[in-house]
1. So, in nm, how far is label residue 120 from label residue 20 when the simple model puts each one 7 Å beyond its Cα toward the Cβ?
2. As a quick test, which of the pairs 98/121; 42/134; 10/121 have an alpha carbon distance above 32 angstrom in this structure?
3. Roughly what % antiparallel, to the nearest 5, for the DSSP beta bridges in the chain?
4. Given the DSSP H assignment, sum -39500 (n - 2.57) over each helix run of at least 4 residues in the chain and divide by its residue total; what's the result at 222 nm in deg cm²/dmol, nearest 500?
5. For the chain, take the longest principal axis of its alpha carbons; what is the angle in degrees between that and the long axis of helix 105-118, to the nearest 10 within 0 to 90?
6. Using only the alpha-carbon atoms, how far is helix 45-57 inclined from the longest principal axis of the chain? Give it as 0 to 90 degrees, nearest 10.
7. Give the angle, between 0 and 90 degrees and rounded to the nearest 10, that separates the Cα long axis of helix 29-39 from the longest principal axis of the Cα atoms of the chain.
8. Over the chain, give the accessible area per residue in Å² for a 1.4 Å probe, as an integer.
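The values are calculated or read from the model by the stated rules, or taken from the named source; none is laboratory data. Here the structure is a predicted model, which means the values were calculated and not measured. Neighbour counts run over all protein chains shown; Cβ positions are idealised from the backbone, glycine included. Note: areas computed on protein heavy atoms with side chains; ligands, DNA, RNA excluded. Shrake-Rupley method; radii C 1.70, N 1.55, O 1.52, S 1.80 Å.
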Amino acid sequence: MDIKTKYNTKQKQEILNFLESKGPGHFTVADLDMYFKTKGIKVGTTTIYRQLDKLISEGVVKKYNIDETSSACYEYIGQSDANGCQQMFHLKCEKCGKIIHLECHEVTLFEEHIAEHHGFKVDPMRTVFYGICKDCAAL
């Protein structure tokens, strides 16, 4: 584990284990809660939020509020990428609620087009495209 944080509790260490095993992508507090339950580890929701807040302040995790109706989602950025998502555009499945980081050069071209031809600066931190993910579409 290459994360050097100020102080690690057992719960914080377990969260870091989850993040490192999960790899890139987004997760929610519910995902962490389910992880702890399947491992038989008792950690309260308040503790999860508190530890995530610490990891956010340490620059290890980034928090996103996609919209007013969804729970916040988080992204593990570790020490390798202090900025997290560079582009910040996301896709949200309207069936399962999955959040997908959109890494696509074409969306950057779209953003530039909007600025140049319509005089409007898009805020990528608040831009989410809604639809159905490939897993839900296959059902």
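1. 4.5
2. Numbers: 98/121 26 Å; 42/134 34 Å; 10/121 44 Å.
Cα-Cα > 32 Å for 42/134; 10/121; rest within.
3. 70
4. On the way: 5 runs with 55 residues, N = 139.
Roughly -12000 deg cm²/dmol at 222 nm, from the helical runs in the chain.
5. Tilt relative to the chain: about 50 degrees.
6. 60
7. 40
8. Heavy-atom accessible area per residue stands at 64 Å².
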